[in-house]
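> To start, I am sharing the structure in question, which I have written as structure tokens.
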Amino acid sequence: MGRSRRTIPEELLLLALDPATGTTAQPQSLDLGLAGAQLVELALAGRIAPDGDRIAVVTARPTGDPTLDCALELLRRRGAPVRAVHWIGGPRLGLRQTYLSHLERCGMVQAVEGQMCGVLPTTRYQATETAISREIRARLDSAIRTGVPPDPRTAALAALAHAVGLGKHLYPGNEGRSSRSRLRDLIRHDPMGGLVAHAVMDVQNGVAAQPRRSPAGGRPQVRAGTTDGGRVPTQPRRGSMARVVAH
């Protein structure tokens with residue numbers, strides 16, 4: 001798997017970055033979304049495949065992406081297909097920071113140190129390659145505006161953006177209501193993205209999800225993920241990641 005193309009977890013994180021504040025929208029649900037985005041990326045790379053509501057490893061051959069290969073190895077060690085909702089709901093400490101650090105090394109974001117309340121050190125992340133973020137956003141906007149079925153990567157990205165609650169960040173207010181609705185509807189264009197997006201929403205809602213059929217056969221019923229945002233201090237707290245202020 002070449003590194004010339006950005007992965008879906010990277011694109012999801014860039015979508016969530018607020019250029020004005022240097023924080024990420026929907027931080028808690030975004031962590032779940034990144035875990036789900038890894039599954040979609042591995043599926044597109046031919047390493048895993050859906051098996052009902054479970055994820056099965058097709059081949060454990062490395063992709064060349066260390067973060068994805070770590071997830072692939074963990075899936076392989078399970079020895080049997082794992083339910084998507086259980087995988088996404090598992091501990092993912094440091095995943096968001098891993099991707100932020102990677103984007104910083106690639107020169108796509110810049111870390112800006114600061115303080116919260118003049119005491120607690122924090123880190124914000126400002127996008128430096130704004131053309132990349134605009135291109136990602138333009139793909140979603142085009143799919144929403146034209147109604148033309150998007151390519152699998154864009155469809156999966158749209159499904160995950162909806163699942164983690166980025167719709168209100170990307171298309172705010174009453175004027176963005178129809179765009180948020182169409183963003184939700186894009187979930188039906190990619191079965192793997194739909195499976196993962198539903199799993200992300202089930203974890204957020206505390207649902208012990210029953211096995212669900214592929215959404216490819218009809219328009220799925222979807223629930224928007226909702227999570228409140230807020231600053232996160234550098235010092236880690238239980239259930240949070242260190243050095244990520246981005247909300």
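> Amide H neighbours of G165 under 5 Å, at least 5 residues apart or on other chains, H built in the peptide plane: list them.
It is G225, by chain and number.
> Given the range 79-172 reduced to its alpha-carbon atoms as identical point scatterers, what log10 I(q)/I(0) does the Debye formula return at q = 0.16, 0.18, 0.25 Å⁻¹?
Ignoring solvent entirely, the Cα scatterers give -0.97, -1.12, -1.28.
> Turning to a different aspect of this structure: Run the paramagnetic zone check for R77: 7 angstrom along Cα to Cβ, then residues of the range 87-112 with backbone nitrogen under 13 Å.
Answer for the range 87-112: 91.
> Just in the range 32-76: which trypsin sites (Lys or Arg not before Pro) are loop by DSSP and have at most 12 other Cβ atoms within 10 Å?
Loop-located and lightly packed - none at all.
> Determine the gain in length on full extension of the stretch L120-E175; use 0.36 nm per residue of separation and subtract their C-alpha separation, reporting nm with one decimal.
Result for the pair: 16.1 nm of gain on full extension.
> Distance in nm between label sites at K168 and S101, each 7 Å beyond Cα in the beta-carbon direction?
According to this spin-label approximation, the distance is 3.2 nm.
> Treating the range 1-142 as a set of equal point scatterers at the Cα positions, no solvent, please give the Debye-formula log₁₀ I(q)/I(0) at q = 0.15, 0.17, 0.21 Å⁻¹.
After summing over all Cα pairs, the log10 values are -0.80, -0.98, -1.32.
> Kirkwood Rh and Cα-based Rg: tell me the resulting Rg over Rh for the range 150-193, rounded to two decimals.
Rg divided by Rh gives 0.98.
> Pairs of Cα atoms under 8 Å, at least six residues apart: use those to get the relative contact order of the range 122-213, whole percent.
It comes to 28 percent, rounded to a whole number.
> Label points 7 Å out from Cα along the Cβ direction at N205 and L93: separation in nm?
So the two model labels end up 3.0 nm from each other.
> Turning to a different aspect of this structure: Run the quick spin-label model on E113 and T59: label points 7 Å from Cα toward the beta carbon, then report their separation in nm to one decimal.
For E113 paired with T59, the spin-label model returns 4.5 nm.
> With every protein chain left in place, what is the accessible area of I55 in Å² (1.4 Å probe, nearest 10)?
For I55, solvent-accessible area is about 10 Å².
> Right, another one. Which value, in Å², gives the accessible area per residue of the range 59-186 when a 1.4 Å probe is used on the protein heavy atoms?
Computed with neighbouring chains in place, this is 49 Å² per residue.
The values are calculated or read from the model by the stated rules, or taken from the named source; none is laboratory data. Being a predicted model, the structure only gives us computed values, none of them experimental. Neighbour counts run over all protein chains shown; Cβ positions are idealised from the backbone, glycine included. The protein model used for the area step is the full one, side chains on, heavy atoms only, and it has no ligands, DNA or RNA in it. Shrake-Rupley method; radii C 1.70, N 1.55, O 1.52, S 1.80 Å.
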